[in-house]
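Report on the following structure.
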2 protein chains.
Amino acid sequence: MAAKDQQRIKALIERLGRLVAAEEWTGDLNPTQWTALSYLAQANRFSRAPSQVADFMSATRGTISQTLKALARKGLISEISSETDKRSISYSVTAAGRSLLNRTSELDGVIASLDGEPASGLHLGLETLVRNTLRQRGLRPFGVCKSCAHFQKKGGGGHCALLGETLTPRETDQICHEHVEAA
Amino acid sequence: MAAKDQQRIKALIERLGRLVAAEEWTGDLNPTQWTALSYLAQANRFSRAPSQVADFMSATRGTISQTLKALARKGLISEISSETDKRSISYSVTAAGRSLLNRTSELDGVIASLDGEPASGLHLGLETLVRNTLRQRGLRPFGVCKSCAHFQKKGGGGHCALLGETLTPRETDQICHEHVEAA
DNA sequence: TAAATTAATAGCGACTCGCTACTATTAACA
DNA sequence: TGTTAATAGTAGCGAGTCGCTATTAATTTA
């Protein structure tokens, strides 16, 4: 690819990121809090601890610790401490949190208005870019159970061969921190 | 487009934004300072005032005021006050600032490794998304002189019909806050 | 000339970020 | 088994962003 196109793509990514962030600042939550809340709503029951949120967001444990406490203070998530490991805790999104996430943003409208070709090209390009960046940095992919190498289909739901747990149909579409891309 | 694809694209944009930000935090500058420095290096002499940086970045004047003072403190940009309007000032990137911008990032490598189709699709998709978002919010496009409705080619360089100024060849490729997309 | 507008900035409270330090708790191994 | 070592979560520091509300100074507009 031409060096000029590379720079242009990078500039567009930066610009779009800033437009998204600017939109996210207008409301009760800041961009970090939005991302954390949205992640928790999509993550499965094995992936909702502060460390896993931090991993997903490429943020530090310290920052996420504070972020989650702020969300809990606002009543959008609630804290549950683990039975098996007394060090670890897990969060789940409350009804108030879910209703906040249902609000559509301006960006949704703009994405929806993309027709066929720009949309599919964008999808493929972003997918590739994110996957390659994660690989290069040695970060976990955080994909959904359905597409994981440890996933075994079982009726409507499934079974995780790594954790030895049965998954409900809904859970097969949730994000897992242990995800390994199926071949 | 399917609602599911929309959500996926939005999630990818958020994720990529966070990966970029995480990379930008590792160094002497923070993400806001990087973007401001990079903008100043590309903007023409009519577009390097704090207000214009703030407009480009969808940030407030207050934040940008502090950001630019921080960059100046670090010796990466220098302040020049205007002759014509005593309220306004302009910044230009120093040699130290330029050399900092020449460093290639990890993201550059990943973008460069994209082959034909994902790259061109990504380019088109991002371009469309950014343009539509700017239009919807009523923000200025901040394009380069060359592609502006006020631009008149003149030898190697050009002339701006709006500001009545002659442009050197280099300047025709710089970003202008007055840019209006040519028909 | 008075009133509105614009450019830049200061300061407040909430917050993120990288960092180091610290407390529990759990795992590893010699 | 007992002593490291690793892990999970958190607190607190300093720098800085963000939205906000003034404030000052200069420039237009009526």
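A compact table of results
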{"read-out": "Least to most buried among A:V180, A:V144 (fewest other Cβ within 10 Å first)", "value": "A:V180, A:V144"}
{"read-out": "The protein assembly as shown - share of DSSP beta bridges that are antiparallel (%, nearest 5)", "value": "95 percent"}
{"read-out": "For chain B, with +1 on Lys and Arg beta carbons and -1 on Asp and Glu, the positive-most of B:L16, B:L124, B:W34 along the dipole", "value": "B:W34"}
{"read-out": "Cα-centre dipole for chain B with unit charges at Cβ (Lys and Arg positive, Asp and Glu negative), debye to 20", "value": "440 debye"}
{"read-out": "Exam field: A:D85 pseudo-label spacings to other copies (7 Å along Cα-Cβ), nanometres", "value": "5.7"}
{"read-out": "Relative contact order (percent, whole number), chain B, Cα cutoff 8 Å, 6+ residue spacing", "value": "18 percent"}
{"read-out": "Selection from B:I80, B:T67, B:T94 lying farthest towards where the dipole of segment B:1-97 points positive, charges on Cβ", "value": "B:T67"}
{"read-out": "Stokes-Einstein diffusion coefficient of segment B:138-183, Kirkwood radius over Cα pairs, 37 °C, 0.692 mPa s, in µm²/s", "value": "319 µm²/s"}
{"read-out": "Inter-chain Cβ neighbour average for residues A:104-110, partner chain, 10 Å", "value": "5"}
{"read-out": "Orientation-averaged projected area, Cα convex hull of segment B:1-76 (nm²)", "value": "6.5 nm²"}
{"read-out": "Burial ranking of peptide ranges A:31-40, B:107-116 (average Cβ count within 10 Å, highest at the top)", "value": "A:31-40, B:107-116"}
{"read-out": "Inter-copy spacing of A:W25 label points, which lie 7 Å from Cα along Cα→Cβ, given in nm from shortest upward", "value": "1.7"}
{"read-out": "Inter-chain shielding of B:2-8 (mean C-beta neighbours from other protein chains, 10 Å cut-off)", "value": "4"}
{"read-out": "For chain B: rounded, prolate or oblate by the Cα gyration tensor [a/c cutoff 1.5]", "value": "oblate"}
{"read-out": "Coordinate range along principal axes, alpha carbons of the protein assembly as shown, Å, largest first", "value": "71, 40, 35"}
{"read-out": "Unit charges at the beta carbon, dipole of segment B:129-183: most positive-side option, B:T133, B:C145, B:L163", "value": "B:T133"}
{"read-out": "Average partner coverage of B:58-65, which counts Cβ from other chains inside 10 Å", "value": "2"}
{"read-out": "Residue-averaged 222 nm ellipticity for chain A, from DSSP H runs of 4+ at -39500 (n - 2.57), nearest 500", "value": "-16000 deg cm²/dmol"}
{"read-out": "For segment B:65-146: relative contact order, % (alpha-carbon pairs under 8 angstrom, 6 or more apart)", "value": "16 percent"}
{"read-out": "Which of B:T133, A:T63, B:T128, A:T104 has the fewest Cβ neighbours within 10 Å, and the rest in rising order", "value": "A:T104, A:T63, B:T128, B:T133"}
{"read-out": "Centroid-to-centroid separation of segment A:1-79 and segment B:108-183 [C-alpha atoms, Å]", "value": "29 Å"}
{"read-out": "Charge dipole (debye, nearest 20) of the protein assembly as shown; +1 at Cβ of Lys and Arg, -1 at Cβ of Asp and Glu", "value": "620 debye"}
{"read-out": "Copy-to-copy label separations for B:K4, where each label sits 7 Å from Cα toward Cβ, in nm and ascending", "value": "4.0"}
{"read-out": "³J(HN,Hα), Karplus 6.51/-1.76/1.60, whole Hz, each residue of segment B:104-121, x for Gly, Pro", "value": "8, 9, 4, 4, 4, x, 5, 5, 4, 7, 5, 9, x, 5, x, 5, 5, x"}
{"read-out": "Other-chain or far-sequence residues with amide H under 5 Å of A:T94's (modelled H)", "value": "A:I77, A:S78"}
{"read-out": "Fewest-first ranking of B:E79, A:E178, using other Cβ atoms within 10 Å as the exposure measure", "value": "B:E79, A:E178"}
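Values quoted throughout were computed directly from the atomic coordinates according to the rules given, and no laboratory measurement underlies them. Since the model is a prediction, treat every value here as computed from it, not as a measurement. Positions of Cβ are backbone-derived with ideal geometry, glycine not excepted, and every protein chain shown enters the neighbour counts.
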